[in-house]
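Working notes, beginning with the structure itself.
The values are calculated or read from the model by the stated rules, or taken from the named source; none is laboratory data. Note that this is a predicted model, so its numbers are computed, not measured. Methodologically, a virtual Cβ is constructed for each residue, glycine included, from the backbone with ideal geometry; neighbour enumeration extends over all protein chains shown.
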Amino acid sequence: MLMMSSNDYLGLSFHPKVIEAGQKALEQWGSSTTGSRLANGSRSFHRELEEQLAAFIGKDDAMVLNAGYLACMGAVATFAQKDDLVLVDRNVHSSLWSGILLSGAKIERVAHNSPSDLQDILMTEDRSRPKMLVLEGVYSMEGHIVRLQELLEVCRPHNCFVVVDDAHGVGVLGDRGQGTVGYLDRTNEVDVICGSLSKSLASTGGFIAGSKQVIEYLRTHSKQAIFSAAISPAQAMCAKTSLDILKSEPEHRERLWENTRYYKQMLNQVGINIWDSETPAVPIVMGNKERTYRVWKHLMNEGIFTVISIPPAVPAGKDLIRTAVSAQHSRKDLERMVETLKRCLKMV
């Protein structure tokens, strides 16, 4: 089948250097460290990866965890407390919602990517109350980039602690692939940047980046890290090698964006609603559940693998088929996808 919904944006999961690094790590360090970082699971390769991630993203330090879900969850739940106020974009990932709910804080849902709605909410709140703003750098279902500058301007007078999940931005956005926050030149204004190692970095696991003080606090207070085994040697070294390739071989990111532009151009010519996607995450909006399911099923039967998303994962009327472009795709792959989609739409 043709994979059209992978998160392997740079196509590095089959890069020879990444595979070799994973193999060597297994031989040198074994299959697992068999413990949490705070107990017996810390190794030198963890710190090397964390230091390189922090430097690349532009923060003082970073902490890696064994799942992106846990990283995003811990980035919120470790800091927000009962009686605090968490302001959250309605469309953020489930991992962030889990952290918010676990914190016990008061929740105010902000309309998607809406500085004006955030302003309206903050105008009614006590300025002295501790506040956290939770956002995504790239919203992976919609392909939207966060309106970070405007949102930060609104919350700055209210002294908000800002958390951005950049799982789908790192490796994709920025002149070096440093992610959404760096791309928008707001690294110093965001307190915590969290995300995944399983997208552009072709591994599994997650990370949290911030100031030295923030990361030191996380290491000793985040239950998601304290009570969870460290990422394996192979995971860490595959991610570290992918980061090295990201910095030294810009052609992968360049090809990703060439493919993205070509794919979107074809979809626009056919008249497909892609929900104003700004990134390689490209939704095909069908509008209702039955139509979405039938088109998705026809694509599957034709050998095209995509992912279906319906409410409550997306707003009502935005039922969609999620597609994502990779640097690994050829133009022939993308043309096959669009031609098959046209046939499926005609059948439905």
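General remarks:
- Yes/no for Glu278 being under 24 Å from Met4 (Cβ atoms) and part of a helix (DSSP H, G or I): no
- Taking segment 200-228 as the range and being within 11 Å of Ala239 (Cβ to Cβ) and either among the β-branched types (Val, Ile, Thr) or not assigned by TED's automatic domain parsing to the domain that holds Thr78 (or both) as the test, only Thr204 passes.
- Residue in segment 40-58 that is part of a loop (DSSP other than H, G, I, E, B), at pLDDT 95 or above, of a type in the set (A, V, I, L, M, F, W, C) and touching an Asp or Glu at 6+ places or on another chain (Cβ under 9 Å) present: no
- Segment 168-199, subset in contact with an Asp or Glu (Cβ under 8 Å, 6 or more places away or on another chain) and either outside the structural domain of Arg156 (by TED's automatic domain parsing) or part of a loop (DSSP other than H, G, I, E, B) (or both), residue surrounded by the fewest Cβ atoms within 10 Å (Cβ to Cβ): Lys199
- Being buried (at least 24 other Cβ atoms within 10 Å of the Cβ), in contact (Cβ under 8 Å) with a residue 40 or more places away in the chain and either part of a helix (DSSP H, G or I) or of a type outside the set (A, V, I, L, M, F, W, C) (or both) is a property that does not hold for Cys155.
- Note on segment 116-152: among residues that are among the acidic types (Asp, Glu) and surrounded by fewer than 23 Cβ atoms within 10 Å (Cβ to Cβ), the one that is farthest from Asp276 (Cα to Cα) is Asp126.
- The test for being crowded, with 24+ Cβ neighbours inside 10 Å, part of a loop (DSSP other than H, G, I, E, B) and either of a type in the set (Ser, Thr, Tyr) or in contact (Cβ under 8 Å) with a residue 40 or more places away in the chain (or both) holds for Ala80.
- Whichever residue in segment 298-348 is over 27 Å from Leu173 (Cβ atoms) and hydrophobic (A, V, I, L, M, F, W, C) and, among such residues, is modelled with the lowest pLDDT: Ala316
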